[in-house]
Amino acid sequence: MSTHTLYPSELYRARRKKLATLLGSNGVAIIPTADEQPRNRDSDFLFRHDSYFYYLTGFTEPNAVLVVFANGDSTLFCQPKDLEREIWDGYRLGPDSAVPSLGITTAHSIRDIDTQMPIMLENASSLWYPFTIHKGLSQRIEGWFKTVLSKSRSGITSPNMLCDVCCLLDEMRLIKDSHEIDLMRKAAQISAQGHIKAMQFCSSSIKQNLALCEYHLDAELLYEFRRNGSEYPAYASIVASGANACVLHYRADKAPIVDGDLVLIDAGCEYASYAGDITRTFPANGRFSKSQRAVYDVVLESQYAAVGATRAGALFTDPHQAALKVLSKGLLDLGILNRNEHGGVDDVIENKHYFPYFMHRTSHWLGMDVHDCGSYIEPINTGSLNSVSPRVLQPGMVLTIEPGLYIRPAKNVPEEFHNIGIRIEDDALVTNGACELFSRAVPVDALEIEHLMS
């Protein structure tokens, strides 16, 4: 298992220094990596580090804990060197090499954490750690506190404040630096190539009358991701044909892909710990039907409207509202909603008549996690989430833009639109001007999609 990072240790050291300044006088922060998860007997799921931990260390080994102090020092607890275990499980960096390799102040074996942590907590004013994320961490911290409290007659005090360190790190991670933006561009580029290959394979297979199922397209995605240097998908890929596209969190499964159906693929790779997230909807045979094209054009127009509303100074909710207006008008124009019954666009929005056909938000943050951390409301000050104002978009924020329409059979819905599910999703970087779309290497215009698939 490689422990080398794509960027020099100075990048992660600077992040730790910034966190240290936010801890308050004599504060201490504890950030563990993720636990290994058993898959079945004598076999674990592929390990994926905790995003907060990696953000501060660039370290990818399991069984590790980072401690950051208000004075800027940092300590890493990690697996000790062990030749026998390294023969079975792979290379370990070890505490001695961690200091020069990662720019950590000191390092210890993870085996020593229960003896060392109480010492580190002596006379600290506050303890910051991720609430509710790491099973058993709170109980372990209580044990360390008991050890510190047992020394109270010697004048040693324990932290009198417990705080969620995620409140600080969420704000830091919300604004991406240039290194992160470069990685996210690459993740989107690889993800786009996967979508292109899946589209082309789909139309080719249909034209040759080959048996085709959703999992075949999933295999094309996985191959293209891995071939281009991605470690793995950023999330379980959605490959949904026909009526399955109306299931928002459908997974790539065994359903056949039929000539004349639409196929919705929501998939992105993870590259160097950063996620791509793209959705495209396309005709399996490479040609939209009239009704499919009518719905598709409404969704595409709504995405263009949302993209136009994504800029620095706008509210996080502005892209959603822009998309909502176009989708509501489209539902009325298509006859899926009735003007006599549902009124005009404003009535549709106010009364949420659109909701049976568009039931999710248009955006979410994107970064190391596909639904990345960060508040969607504007904090009054760092770490405070008491304001009810939507977040103001700032340069360096990255979010998805993904409107959709999902039309299930219903009494008042024209039959030609039954079981049409369409979503279009791109990854957008907020700038001082127009937002930058990372993911447009795969086309969205209907004619361009048909040309690609031909």
Checklist outcome for this item: Among beta bridges assigned by DSSP with both residues in the chain, the antiparallel ones amount in percent, to the nearest 5, to 80 percent
Checklist entry - Which entries in Lys207/Lys254; Lys81/Lys186; Lys186/Lys254; Lys18/Lys176 show an alpha-carbon gap greater than 22 Å? => result Lys81/Lys186; Lys186/Lys254
Item to check | Euclidean distance of C-alpha centroids, the stretch 388-449 and the stretch 28-56, integer Å | outcome: 32 Å
Next on the checklist: Which one, Pro118, Thr106, Phe53, projects farthest toward the positive side of the charge dipole computed for the stretch 15-126 from Cβ point charges (K/R +1, D/E -1)?
Outcome noted: Phe53
Item to check | Unit charges at the beta carbon, dipole of the chain: most positive-side option, Leu127, Ser289, Ala243 | outcome: Leu127
Checklist entry - Which of Lys135, Lys329 comes first, and how do the rest follow, when ranked by fewest Cβ neighbours within 10 Å? => result Lys135, Lys329
Item to check | Selected from His364, Gln208, Leu327, residue furthest toward positive end of dipole (the stretch 175-453; charges at beta carbon) | outcome: Gln208
Checklist outcome for this item: What helix-only [θ] at 222 nm does the chain give? Using -39500 (n - 2.57) per DSSP H run of at least 4, over all residues, to the nearest 500, the answer is -11000 deg cm²/dmol
Item to check | Inter-probe distance in nm under a simple model that places probes 7 Å from Cα toward Cβ, at Ser152 and Glu415 | outcome: 7.8 nm
Checklist outcome for this item: Gln200 and Ala14 label points (each 7 Å along its Cα→Cβ direction) are spaced in nm at 3.9 nm
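To one decimal place, what Kirkwood hydrodynamic radius in Å is obtained for the stretch 328-454 from all pairs of distinct Cα atoms?
Every distinct Cα pair counted, the radius reaches 17.5 Å.
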Checklist outcome for this item: Computed about the Cα centre, the charge dipole of the stretch 209-275 from +1 Lys/Arg and -1 Asp/Glu charges at the Cβ has a magnitude in debye, to the nearest 20, of 100 debye
Item to check | Spin-label pair Asp96/Leu210, simplified geometry with 7 Å Cα→Cβ offset, distance in nm | outcome: 5.4 nm
Checklist entry - What shape does the stretch 175-453 take by its C-alpha gyration tensor, where a ≥ b ≥ c are the square roots of the eigenvalues and a/c under 1.5 counts as rounded, a/b above b/c as prolate, and the rest as oblate? => result oblate
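Take every DSSP beta bridge whose two residues both sit in the stretch 9-173, then give the antiparallel share in percent to the nearest 5.
Here the antiparallel bridges make up roughly 50 percent for the stretch 9-173.
Hydropathy at least 1.0 by Kyte-Doolittle, axial extent at least 24 angstrom from the Cα trace: which helices of the chain, defined as entire DSSP H runs, fit?
None pass (Cα extent of 24 Å or more, hydropathy at least 1.0).
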Checklist outcome for this item: Checked the stretch 9-173 against the a/c 1.5 cut and the a/b vs b/c comparison, axes a ≥ b ≥ c from its Cα gyration tensor; verdict prolate
Checklist entry - What dipole magnitude, in Debye to the nearest 20, does the stretch 175-453 give about its Cα centre under +1 on Lys/Arg Cβ and -1 on Asp/Glu Cβ? => result 280 debye
Item to check | Cross-link reach list, lysines versus Lys146, counting only Cα pairs under 20 Å and skipping chain neighbours closer than eight places | outcome: Lys135
Checklist entry - Can you give the relative contact order of the chain as a percent, counting alpha carbon pairs under 8 Å and 6+ residues apart? => result 13 percent
Next on the checklist: Can you order the peptides 337-350, 170-183 by their average number of other Cβ atoms within 10 Å per residue, highest first?
Outcome noted: 170-183, 337-350
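Which FRET efficiency value, to the nearest 0.05, is calculated for Asp82 and Ser178 with the Förster distance at 30 angstrom and r the Cβ-Cβ distance?
With R0 = 30 Å, the Cβ-Cβ based efficiency is 0.20.
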Checklist outcome for this item: So for R0 = 51 Å, FRET eff. of Ala236-Thr106 from the Cβ-Cβ r, to 0.05, ends up at 0.85
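Every number in this text was worked out from the coordinates using simple rules, so none of it is lab data. What you are looking at is a predicted structure, and each value in this text was computed from that prediction instead of being measured. Positions of Cβ are generated from backbone atoms using ideal geometry, with glycine treated the same way; all protein chains shown enter the neighbour counts.
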